[in-house]
Amino acid sequence: MLVPRWWERAADGWDVRDGATDPDRWLGAAYSDKTLVTRVGALHADRAADDDRPTGRPTSSSTLPGLDILLFQHARIGDGDTLGHIGTGPGYADALACHRLGDKQVTSMDIDPYLVDAARERLGGLGLRPTILAVDATGELPGTFDRIVSTVAVRPIPASWLAALKPGGRLVTTISGTSLLVTADKNEDGSASGRVEWDRAGFMSARRGPDYPPRPSSLLAVAREHEGEAVTTGRYPVVHVTEAWDLASMLDVTIPGIEHEFAEVEGRRTALMIHPDGSWARAAAIGAAAPTVHQGGPRRLWDALDEVRDLWLATGELPLRGARVLVKPSGATYLARGNWSVRL
């Protein structure tokens, strides 16, 4: 049985850890509470040396086992259902699905041919032989399914997923840039309707090539150092946006594509925000004091964040969780709750 070396995110960067050499130890590692990174850029954990320190953004990881199970529960899988799983990764979710349904009812897809081959060998060592294919899942899918479960995030939901979903079938996925877990059932007209679940989940975004685009490092440098066109005093304390899941999700639904950095040094909290349109913001303060906010570019990103916080305080909650979901056959995806609505 092929068992990989795993990358585990440590406080001082990316460490390489030896994988277990027998199935029991491998399953024990898989049941830990850590997300294990299996690929960074072009370098796979299986091929890494102990002293490797890869750079770049992670492009593959092993989903927390409890999260795999949560998504399958939301899929409401029945004994006779066929499953299309998008995001093979190391193959753990497919092992669960095969034990639930049997090999012939499971098709797994990943854009990374190496991960597909490794998962096929790894599962074969356990006597499991689902269909595993190297596929760009944002395009046409290889077949039709009663259930589609994605462990990569998308935005909007690809039209091809609805085309591959059988009438009455159920889709479970997450929305890129958010922690929104969406379930939707296919309607007779080819659309799908459902809701944003109260559970939270976040995955890497689906990609069409071997890596993600590089981060705009020059704009980050501007955000760290420049005065900006607007310098104000913020109304709320500096917040680590990506750790505030509902806040981050609502902001990304409002202005998609913002990237964040946060640091706290000797009690001084600094948050950076950048956007592909050239907008940026920097907020800094000691502890919970009112921050000094610097902003530049065509939009005021920190002001947009404060508007989300205003809404939260005024209504007691943000409208995302429990929102109704409509996915049209074209893939256009809409969320609505009360008087609030948005097209993703």
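List of remarks:
- Residues in the range 45-87 that are in a helix (DSSP H, G or I) and within 26 Å of Gly143 (Cα to Cα): Leu67, Asp68, Ile69, Leu70, Leu71, Phe72, Gln73, His74, Ala75.
- Arg269 passes every criterion in (1) open to solvent by less than 10 Å² (accessible area, probe 1.4 Å); (2) touching a Gly at 6+ places or on another chain (Cβ under 9 Å) apart from (1).
- Filter result for Gly331 (open to solvent by less than 30 Å² (accessible area, probe 1.4 Å), of a type outside the set (S, T, N, Q) and within 23 Å of Ala201 (Cα to Cα)): yes
- Residue match in the range 80-96 (condition: at pLDDT 90 or above and loosely packed, with under 14 Cβ neighbours inside 10 Å): yes
- Hits in the range 314-340 (condition: under 22 Å from the mean Cα position of the chain (by Cα) and in a strand (DSSP E or B)): Arg324, Val325, Leu326, Val327, Thr333, Tyr334, Leu335, Ala336
- Each residue in the range 192-243 was checked for being under 17 Å from the mean Cα position of the chain (by Cα), at pLDDT 90 or above and of a type in the set (Ser, Thr, Tyr), and 1 pass.
- Residues in the range 275-308 that are basic (Lys, Arg) and either at positive phi or surrounded by fewer than 19 Cβ atoms within 10 Å (Cβ to Cβ) (or both): Arg299 alone.
- Inside the range 291-344, residues that are in contact with a helix residue (DSSP H, G or I) (Cβ under 9 Å, 6 or more places away or on another chain) and closer than 27 Å to Thr138 by Cβ make up a count of 11.
- Taking first residues from the range 198-210 that are among the aromatic types (Phe, Trp, Tyr) and partners that are open to solvent by less than 40 Å² (accessible area, probe 1.4 Å), the Cβ contacts under 6 Å between residues at least 6 apart in sequence or on separate chains come to Trp198/Arg321; Phe203/Thr151; Phe203/Val152; Phe203/Ala153; Phe203/Thr174.
- Matching residues, the range 232-283, being among the acidic types (Asp, Glu) and more than 30 Å from Ala336 (Cβ to Cβ): Glu261, Glu264, Glu266
- Residues that are in contact (Cβ under 8 Å) with a residue 12 or more places away in the chain, open to solvent by 40 Å² or more (accessible area, probe 1.4 Å) and closer than 19 Å to Ser61 by Cα, drawn from the range 97-137: Ile111, Pro113, Tyr114, Arg120, Glu121, Leu133, Ala134, Asp136
- Applying the set (1) within 21 Å of Thr333 (Cβ to Cβ); (2) surrounded by fewer than 21 Cβ atoms within 10 Å (Cβ to Cβ); (3) without any contact (Cβ under 8 Å) to a residue 40 or more places away in the chain; (4) touching a strand residue (DSSP E or B) at 6+ places or on another chain (Cβ under 6 Å) to Thr144 leaves exactly one unmet item: (3).
- Residue in the range 311-319 that is surrounded by 19 or more Cβ atoms within 10 Å (Cβ to Cβ) and within 25 Å of Gly202 (Cα to Cα) present: yes
- For the range 192-227, a residue qualifies if it is within 19 Å of Arg269 (Cβ to Cβ) and surrounded by 19 or more Cβ atoms within 10 Å (Cβ to Cβ), and exactly one does: Ala223.
- All conditions in (1) over 20 Å from Leu335 (Cα atoms); (2) in contact with a Ser or Thr (Cβ under 9 Å, 6 or more places away or on another chain); (3) not acidic (Asp, Glu) hold for Val154, with the sole exception of (1).
The values are calculated or read from the model by the stated rules, or taken from the named source; none is laboratory data. Since this is a predicted model, take the numbers as computed values, not measurements. Neighbour counts run over all protein chains shown; Cβ positions are idealised from the backbone, glycine included. These area figures cover heavy atoms from the full protein model, side chains too; ligands, DNA and RNA do not enter into them. Shrake-Rupley method; radii C 1.70, N 1.55, O 1.52, S 1.80 Å.
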